[in-house]
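The values are calculated or read from the model by the stated rules, or taken from the named source; none is laboratory data. Every value quoted in this text rests on a predicted model; they were computed, and no experiment measured them. Methodologically, a virtual Cβ is constructed for each residue, glycine included, from the backbone with ideal geometry; neighbour enumeration extends over all protein chains shown.
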Amino acid sequence: MNATDILTALVGFPSIVGTPNAGIVEWIRSYLEGFGITVHILPGPEGDRANLFATIGPSDKAGYILSGHMDVVPAHEAGWSSDPFALRRDREKLFGRGTSDMKGYLAAVLAAVPALAAVPLTRPIHLAFSYDEEAGCRGVPHLLARLPELCVAPLGAVIGEPSGMRPILAHKGKAAARITLRGRSGHSSRPDLGLNAVHAMATVLQAAVSSAQDLANGPFDPTFEPPYSSLQAGLIQGGQALNIIPDHCTLDVEARAIAGVDPSTLLAPIRIAAEGLRTSGIGVEWEELSAYPALSLARQTVLADLLTKLTAQEPLGAVSYGTEAGLYQAAGVDAIICGPGDISRAHKPDEYILAGELSACQSMIEALGKHCCA
């Protein structure tokens, strides 16, 4: 099967984040086992989804990980020209949910497997495919926890998020939380008898706005755009009807941190503001939605030099979106981002990847295989 055929199969699985993924996992396992490769299925604590890990080459040597996620964001938005879960080709463009983010990378990796399996690798190439990355990298920590039993400490990991096949050295970290306030309902004509949860949330929202403004004053890292950590309130919901005192309100907030800053600490002022409402009788719940660290790989590393050689492109200093790469680095594995497609095409109708981008990625992976034969 070529990369386009494999991508057709992968896109056909509606492996939406937060849903069971046995279909795509079993397809990939069957494909790999067809080349005599041992595959480890690593169920997550949810019970209905799993990570996948496989090794090509000697398992007792240090090698490289090719890392990608199998989940995609939903495709409910208007504007799709065709079924998002049926690959459609229009000349060089291959349309479908996940083509760029990031089933295109998975397809290129799998298309390279026959070549990798046919050469005498002296260092292994590992495939690490995760679930629920789109929910804040929730699946890969369970894979990383088991990495010591799966392989010798790796030399590095290539996270194949869409980068135009240009290596990327750094990204921001992220933390997200949901605040739920609970008040007391009643008729809107008697606000003195109720506790308005929406009004109370204004205090928390103001703390978020103030924190966002403060972060714009630094510290700064010019490799990022914007060059400072950021914070935003992204979703607020509450109340039942205009004439009912709202007894509940939720607010989702996220922080994105430059390297060297723990993103969870940026949410502290919002949590303090929420907890302070307890004295007025408001119930407060704080739920962490996701958290992952920033990535910061020095240009003067073996991994950065290797990817520069394999792609013939000088690495980009940083991007502001997040990936699983920071978690690999936190687990002691050097990580770099490099994959086909463009992040600007992701999470929107008529997402696509170019056939030439798949070919370029497959060629890079096969070149990595030759490097691992030296």
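Show the residue pairs meeting these rules: Cβ distance below 6 Å; 6+ apart or different chains; first residue within the stretch 90-106 and surrounded by fewer than 24 Cβ atoms within 10 Å (Cβ to Cβ); second residue not acidic (D, E).
E92/L354; E92/A355; K93/Y352; F95/R88; F95/Y352
Name the single residue that is nearest to L297 (Cα to Cα) among those in the stretch 235-262 being part of a loop (DSSP other than H, G, I, E, B) and β-branched (V, I, T).
Here the answer is I258.
Among the residues of the stretch 250-271 satisfying the criterion of being farther than 19 Å from S210 by Cβ and out of contact with any Asp or Glu (no Cβ under 7 Å at 6 or more places or on another chain), which is surrounded by the most Cβ atoms within 10 Å (Cβ to Cβ)?
T250
Going by the conditions given, is N21 among the polar types (S, T, N, Q) and under 21 Å from the mean Cα position of the chain (by Cα)?
Here the answer is yes, as N21 does meet what is asked.
In the stretch 277-318, what residues are over 16 Å from G156 (Cα atoms) and basic (K, R)?
Residue satisfying the conditions is R278 alone.
Could you please find all residues in the stretch 321-354 being of a type in the set (G, A, S) and surrounded by fewer than 17 Cβ atoms within 10 Å (Cβ to Cβ)?
A330, G332, S344
For residues that are touching a helix residue (DSSP H, G or I) at 6+ places or on another chain (Cβ under 7 Å), of a type outside the set (V, I, T), closer than 13 Å to A107 by Cβ and not in a loop (DSSP other than H, G, I, E, B), tally how many sit in the stretch 334-356.
Here the count works out to 1.
Of all residues being hydrophobic (A, V, I, L, M, F, W, C) and more than 23 Å from the chain's Cα centre (by Cα) in the stretch 213-231, which is nearest to R256 (Cα to Cα)? Just the residue, please.
Looking at the filtered set, the residue picked out is L215.
Please determine, by comparing only the residues of the stretch 202-225 that are acidic (D, E) and over 22 Å from A273 (Cβ atoms), which one is surrounded by the fewest Cβ atoms within 10 Å (Cβ to Cβ).
Checking each candidate, the answer is E225.
Report every pair of residues separated by at least 6 positions or lying on different chains whose Cβ atoms are under 6 Å apart, first residue within the stretch 123-138 and at pLDDT 95 or above, second in a strand (DSSP E or B) and of a type in the set (A, V, I, L, M, F, W, C).
That search, which allows pairs on different chains as well, returns I125/I56; H126/I65; L127/A54; L127/L66; A128/F53; A128/I65; F129/L52.
Is there any pair with a first residue in the stretch 188-212 that is over 27 Å from P227 (Cβ atoms) and a second that is among the polar types (S, T, N, Q) whose Cβ atoms are under 8 Å apart and which are 6 or more apart or on different chains, and what are they?
S188/N243; S189/N243; G194/S185; L195/S280; A200/S280
Under the condition of being part of a helix (DSSP H, G or I) and surrounded by fewer than 20 Cβ atoms within 10 Å (Cβ to Cβ), which residue from the stretch 280-303 is nearest to the chain's Cα centre (by Cα)?
Here the residue is V302.
Which members of the stretch 1-49 meet the condition of being assigned to a loop (DSSP other than H, G, I, E, B), closer than 21 Å to E357 by Cα and of a type outside the set (G, A, S)?
Hits for the stretch 1-49 are M1, N2.
Give me the pairs: first residue in the stretch 356-374 and more than 14 Å from V119 (Cβ to Cβ), second residue surrounded by fewer than 19 Cβ atoms within 10 Å (Cβ to Cβ), beta-carbon distance under 8 Å, and six or more apart or on different chains, which are they?
G356/E92; E357/G164; L358/T4
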